[in-house]
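S.K.: Dropping the structure in here first, questions after.
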Amino acid sequence: MTPITNLKSAAVEKRIHQSYFKIALSVDCVIFGYAEKELQVLVIKSDLKEFAGQWSLLGDLVRPEENIDKASYRVLEERTGLKNVYLEQVQAFGECKRHPSGRVVTIAYYSLLDISNHKLQLSDNDLCWRPVRSLRKMAFDHRQILDTCLQRLREQVFEKPLLFNLLPNKFALRNLQELYESVLGETLDRRNFRKKIAVKEWLQETGEMERSVLHRPGRLYTRQTSPKR
């Protein structure tokens, strides 16, 4: 095998393509919750003058020595105080002018939290839960990122038992259907929905019934600890 003789060092490569090494990298976290029969997302007021008063997703630049996945967990902990929250990487967003400070490519992550069991420990910059449908104009391209993560979630809800993370430990089928309708943005036929969920074998009966409800009490279920599919 003939050896390659025109090799260059990494230092030379950097000098030749110096401008290429000036692109920043960031992470943005789309944290979904569920309250008052509406899909919610965790947002914060932007701290940039160009987006004054606008809501932003939780994000930050990736530090030079930092792993991308670790950066996403750091952002979540620093902004909310929450730890040990599962985050799933979705995709990159790299439009040239998406950030007013310069070229910034961001990696989007999403997660699902039961709001009642995950209390925010910080309130900087008006950190709060907002209904997804109420967020029309957002800082940067964050509405696009939010929509992309929401679409990913919608594609997965009947393939994986993801939405149970948004509910308390015990719930009625009525509650589960209302959650699915909120995420999918459409009304579902009650009978067809229950059939579709039943074949997944994701649920386990608790033997308990709803209490203090205005309608006819329904059976309470919990998530199957070892779903078969």
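S.K.: Within segment 129-143, which residues are of a type outside the set (F, W, Y) and closer than 22 Å to T106 by Cβ?
M.R.: Initial filter on segment 129-143 (of a type outside the set (F, W, Y)): 130-139, 141-143.
Of everything in segment 129-143, those that are of a type outside the set (F, W, Y) and closer than 22 Å to T106 by Cβ turn out to be R130, V132, L135, R136, K137, M138, A139, D141, H142, R143.
S.K.: Follow-up. So which residues in segment 132-143 are surrounded by 15 or more Cβ atoms within 10 Å (Cβ to Cβ) and not in a loop (DSSP other than H, G, I, E, B)? Reasoning before the result, please.
M.R.: As a first pass, look at segment 132-143 and keep what is surrounded by 15 or more Cβ atoms within 10 Å (Cβ to Cβ): 132, 135, 138-143.
Hits for segment 132-143 are V132, M138, H142, R143.
S.K.: Could you tell me which of the residues K22, K37 is on the phi > 0 side of the Ramachandran plot, in the same structural domain as C128 (by TED's automatic domain parsing) and in contact (Cβ under 8 Å) with a residue 40 or more places away in the chain?
M.R.: The conditions single out K37.
S.K.: Now a separate question. Take the residues in segment 100-128 that are within 17 Å of the chain's Cα centre (by Cα), among the aliphatic types (A, V, I, L, M) and outside any strand (DSSP E or B); name whichever of them is nearest to R63 (Cα to Cα).
M.R.: Among them, the one singled out is L127.
S.K.: Still on this structure, I have one more. Criterion first (within 30 Å of E208 (Cβ to Cβ) and assigned by TED's automatic domain parsing to the domain that holds S101) does H118 satisfy it?
M.R.: Yes; evaluated as a whole, the condition is true for this residue.
S.K.: Among V12, V85, V105, which is within 16 Å of Q144 (Cα to Cα) and β-branched (V, I, T)?
M.R.: V105
S.K.: Residue check: is L82 touching a Phe, Trp or Tyr at 6+ places or on another chain (Cβ under 6 Å), farther than 11 Å from D28 by Cβ and either surrounded by 15 or more Cβ atoms within 10 Å (Cβ to Cβ) or of a type in the set (A, V, I, L, M, F, W, C) (or both)?
M.R.: no
S.K.: Please go through segment 135-149 and pick out each residue that is among the basic types (K, R) and at positive phi.
M.R.: Selection gives nothing.
S.K.: Being at pLDDT 95 or above and touching a strand residue (DSSP E or B) at 6+ places or on another chain (Cβ under 8 Å) narrows it down to one of L179, L162, so name that one. Lay out the reasoning, then the answer.
M.R.: Details: L162 fails: at pLDDT 95 or above.
On inspection, the qualifying residue turns out to be L179.
S.K.: On to the next question. Residue by residue through segment 130-143, note down the ones that are without any contact (Cβ under 8 Å) to a residue 60 or more places away in the chain and under 13 Å from the mean Cα position of the chain (by Cα). Quick ask: steps written out before the conclusion?
M.R.: Applying the first criterion (without any contact (Cβ under 8 Å) to a residue 60 or more places away in the chain) to segment 130-143 yields 134, 136, 141, 143.
Correct list: R143 only.
S.K.: Kindly indicate whether E95 is closer than 28 Å to K160 by Cα and of a type in the set (D, E).
M.R.: It is false that E95 is closer than 28 Å to K160 by Cα and of a type in the set (D, E).
S.K.: Can you tell which of S9, S26, S56, S46 is more than 30 Å from V183 (Cα to Cα) and among the hydroxyl-bearing types (S, T, Y)?
M.R.: S9
The values are calculated or read from the model by the stated rules, or taken from the named source; none is laboratory data. Computed from a prediction, not measured in an experiment: that's the story for all the values here. Heads up, the Cβs are rebuilt from the backbone with ideal geometry, glycines too, and the neighbour counts pull from every protein chain shown.
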